[in-house]
Amino acid sequence: MIGVMTRWLDPDEQRTWRAFLTASRALMETLDRELQRDAAMPHAYYEILVRLSEAPGRRLRMSELADASGSSRSRLSHAVARLEEAGWVRRENCPTDRRGQLAVLTDHGFEVLAAAAPGHVEGVRSHLFDPLTPAQVDQLRRISEAIIDHLQPDRPA
């Protein structure tokens, strides 16, 4: 766009941006590595299992599951296929829409999730919350919510 001035980051903003990027990446890589080691699943699969475990009847339309887990429909379909192979999830036809499919968390999948959850929660606690003061935790939540409100203003509360 002609005539638009680039609003470059000042040194403090650049330092904040880089710290945020590095911390976010390091946290997610660490949690993913720990889930792989302890539960033989990537964080993306864990997220899918959690979303299904929290849904009524432990089932969600594939499109809703993709939205809830922040995944593309094709990436989610591939992940669900892998979870089906493991016996953790099964697909069912949607009773109200012949084109739609539901992802359903199996009892075995729920057991796998229940076994993985304590270690994952401990990782979140030790890597995210333990290094912070209670005031910093509150600030992190408020900052995160402000960013979400800006980027996803139509999301349900």
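The condition (being out of contact with any Asp or Glu (no Cβ under 7 Å at 6 or more places or on another chain) and in contact (Cβ under 8 Å) with a residue 12 or more places away in the chain) is satisfied by just one residue among R33, R58: R58.
With respect to the numbered conditions (1) of a type in the set (D, E, K, R); (2) closer than 28 Å to R25 by Cβ; (3) in contact with a helix residue (DSSP H, G or I) (Cβ under 7 Å, 6 or more places away or on another chain), which one is the sole condition not fulfilled by R58? Just one mismatch for R58, condition (2).
Look at D32 and say whether it is over 23 Å from I143 (Cα atoms) and among the acidic types (D, E).
Here the answer is yes, as D32 does meet what is asked.
Do we find a residue being at pLDDT 95 or above and farther than 21 Å from L31 by Cα anywhere in the stretch 112-129? Checking the stretch 112-129: not a single residue is at pLDDT 95 or above and farther than 21 Å from L31 by Cα.
In the stretch 12-49, of all residues being more than 16 Å from the chain's Cα centre (by Cα) and polar (S, T, N, Q), the one that is nearest to M62 (Cα to Cα) corresponds to T22.
Please count how many residues of the stretch 132-157 are assigned to a helix (DSSP H, G or I), of a type outside the set (V, I, T) and under 15 Å from S24 (Cα atoms).
Qualifying residue count for the region: 3.
Residues in the stretch 98-150 that are of a type in the set (S, T, Y) and within 24 Å of L35 (Cα to Cα): T106, S126, S144. Taking the stretch 145-157 as the range and being over 17 Å from A23 (Cα atoms) and either touching a residue at least 60 places away in the same chain (Cβ under 8 Å) or β-branched (V, I, T) (or both) as the test, only I148 passes.
Residue-wise test of (1) in contact with a Lys or Arg (Cβ under 7 Å, 6 or more places away or on another chain); (2) of a type outside the set (S, T, Y); (3) at pLDDT below 95; (4) loosely packed, with under 15 Cβ neighbours inside 10 Å.
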site: S24; (1), (2), (3), (4): no, no, no, yes
site: E64; (1), (2), (3), (4): no, yes, yes, no
site: E84; (1), (2), (3), (4): yes, yes, no, no
site: R99; (1), (2), (3), (4): no, yes, yes, yes
site: L105; (1), (2), (3), (4): yes, yes, no, no
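When the stretch 114-144 is filtered for residues that are loosely packed, with under 11 Cβ neighbours inside 10 Å and either among the charged types (D, E, K, R) or touching a residue at least 40 places away in the same chain (Cβ under 8 Å) (or both), the ones remaining, listed by number, are R125, D130, R141, R142.
The values are calculated or read from the model by the stated rules, or taken from the named source; none is laboratory data. Only a predicted model underlies this, so the values are computations on that prediction, with no experimental measurement involved. Note: ideal-geometry Cβ built from the backbone for every residue, glycine included; neighbour counts use all protein chains shown.
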